[in-house]
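Okay, so here's the structure we're looking at.
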Amino acid sequence: MQCLTCGNDFDYLYDCPVCSDVWRKTGKFNRIFTTVEDFLLDLFLGTMVLMVLMQILMRNLFQSGISGGDDLIRHLVLWVAFFGAGIATRSNSHVRIDVLTHLVKGRVSEYKDIVINLFSFVVCIILMIASCQFVFIEYQSQEYSQFLNLPVWTMEIVMPLGYLIIAIRFAHNSLSGGLKILREKTN
């Protein structure tokens with residue numbers, strides 16, 4: 001992977017050793033969380049690609065398909081999108097609107113990333129609560145997918161889970177930024 005800040009090549013499991021030492025300081029929990037997040041993204045993306053290929057082959061060769069396969073693929077897109085957003089937030093490479101960059105100057109500007117990450121954290125928590133309510137409504141409707149007769153809410157549980165992961169990443173980025181400023185001021 002290539003660092004978005006300095007362009008240095010490094011192993012994808014760790015932040016850039018040239019411009020960040022976050023990984024050495026965050027501990028075992030963050031490394032395990034990241035490994036699980038990466039594994040699940042790979043699993044869901046691989047499953048989605050295999051399902052699409054199987055659908056294409058079965059439709060062209062046998063004039064049939066996998067019952068509920070299209071529904072599963074649509075839900076896997078949700079899973080991949082949310083886990084991908086979590087990974088983008090982890091590496092601080094997500095899409096952002098930086099109005100504050102142009103408005104804030106001087107000493108206050110060093111705190112802007114912390115404020116932006118905290119605001120994003122709050123927004124993700126609000127979206128997580130709203131998506132929990134949505135999943136609960138789906139749970140109450142007791143609808144089932146054709147694929148393995150799974151309840152629909154189990155495939156949509158990624159929405160609150162995804163927002164939680166993204167919120168945790170924003171909180172981590174904010175804390176890391178605050179600790180970085182503190183280290184710079186004490187040195």
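Do the conditions hold for Gln142, that is, is it at pLDDT 85 or above, open to solvent by 90 Å² or more (accessible area, probe 1.4 Å), polar (S, T, N, Q) and over 27 Å from Phe33 (Cα atoms)?
For Gln142, the condition - at pLDDT 85 or above, open to solvent by 90 Å² or more (accessible area, probe 1.4 Å), polar (S, T, N, Q) and over 27 Å from Phe33 (Cα atoms) - is met.
Restrict the check to the stretch 112-119 and report whether at least one residue is open to solvent by 40 Å² or more (accessible area, probe 1.4 Å), in contact (Cβ under 8 Å) with a residue 12 or more places away in the chain and of a type in the set (Asp, Glu).
Yes: the stretch 112-119 contains one or more residues that are open to solvent by 40 Å² or more (accessible area, probe 1.4 Å), in contact (Cβ under 8 Å) with a residue 12 or more places away in the chain and of a type in the set (Asp, Glu).
State all residues of the stretch 141-187 that are of a type in the set (Phe, Trp, Tyr) and farther than 30 Å from Met51 by Cα; if no residue qualifies, say none.
Phe170, the sole residue that qualifies.
What are the residues in the stretch 48-80 that are touching a residue at least 24 places away in the same chain (Cβ under 8 Å) and either open to solvent by 50 Å² or more (accessible area, probe 1.4 Å) or aliphatic (A, V, I, L, M) (or both), if any?
Hits for the stretch 48-80 are Met48, Met51, Ile66, Ser67, Leu72, Ile73, Leu76, Val77, Leu78, Val80.
Quick test of your reading of the structure: Leu182 fulfils all but one of (1) closer than 28 Å to Val115 by Cβ; (2) under 21 Å from the mean Cα position of the chain (by Cα); (3) open to solvent by 30 Å² or more (accessible area, probe 1.4 Å). Name the failing condition by number.
(2)
Determine, yes or no, whether Leu148 is part of a helix (DSSP H, G or I) and either surrounded by fewer than 17 Cβ atoms within 10 Å (Cβ to Cβ) or without any contact (Cβ under 8 Å) to a residue 24 or more places away in the chain (or both).
no
Residue under question is Phe136, and the condition is that it be outside any helix (DSSP H, G or I) and open to solvent by 30 Å² or more (accessible area, probe 1.4 Å); does it hold?
So Phe136 does not fit the description; no.
When you check Leu13 against the structure, is it surrounded by fewer than 13 Cβ atoms within 10 Å (Cβ to Cβ), at pLDDT below 80, outside any helix (DSSP H, G or I) and under 17 Å from the mean Cα position of the chain (by Cα), yes or no?
When the stated conditions are applied, Leu13 passes them.
The values are calculated or read from the model by the stated rules, or taken from the named source; none is laboratory data. What you see is a predicted model, and the numbers here were worked out from it, not measured in a lab. In this analysis, Cβ positions are derived from the backbone assuming ideal geometry, glycine residues included, and neighbour counts consider all displayed protein chains. Heads up: the accessible areas ignore ligands, DNA and RNA and are worked out on the full protein's heavy atoms, side chains in. Shrake-Rupley method; radii C 1.70, N 1.55, O 1.52, S 1.80 Å.
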